[in-house]
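Remarks on the structure that follows.
The values are calculated or read from the model by the stated rules, or taken from the named source; none is laboratory data. Keep in mind it's a predicted model, so treat the numbers as computed, not measured. Note: ideal-geometry Cβ built from the backbone for every residue, glycine included; neighbour counts use all protein chains shown.
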Amino acid sequence: MTYTTIKIPVDAHKLIASLALQSNQTKQDVLMQSLKEYESKIFWENCRARYEEVSKDKDPNEDVTLYENTLSDGLDDEY
């Protein structure tokens with residue numbers, strides 16, 4: 001794995017170090033885990049927001065109406 005240096009506030013570094021001590025992990029692992037959790041949080045927030053947008057415009061019975069026609073697909077009743 002390659003590494004790079006970024007500037008962060010001293011308070012952030014102290015928090016990462018404290019969390020690393022508490023969890024018995026490296027500072028890098030604590031930071032990566034936190035970033036992955038934040039990425040997941042943002043992803044699901046965006047999914048929920050998009051779903052709400054789509055759901056607002058959609059008639060809840062639209063799918064049922066669409067598939068009602070498949071019940072009588074032109075085949076004679078076999079029963």
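Key figures for this structure:
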| quantity | calculated |
| --- | --- |
| Sole residue being acidic (D, E), part of a helix (DSSP H, G or I) and surrounded by 10 or more Cβ atoms within 10 Å (Cβ to Cβ), chosen from E52, E45 | E45 |
| Any hit, the range 61-77, residues being of a type in the set (D, E), modelled with pLDDT of 95 or more and part of a helix (DSSP H, G or I) | no |
| Subset of the range 6-25 (residues that are surrounded by fewer than 11 Cβ atoms within 10 Å (Cβ to Cβ), β-branched (V, I, T) and either in contact (Cβ under 8 Å) with a residue 12 or more places away in the chain or assigned to a helix (DSSP H, G or I) (or both)) | V10 |
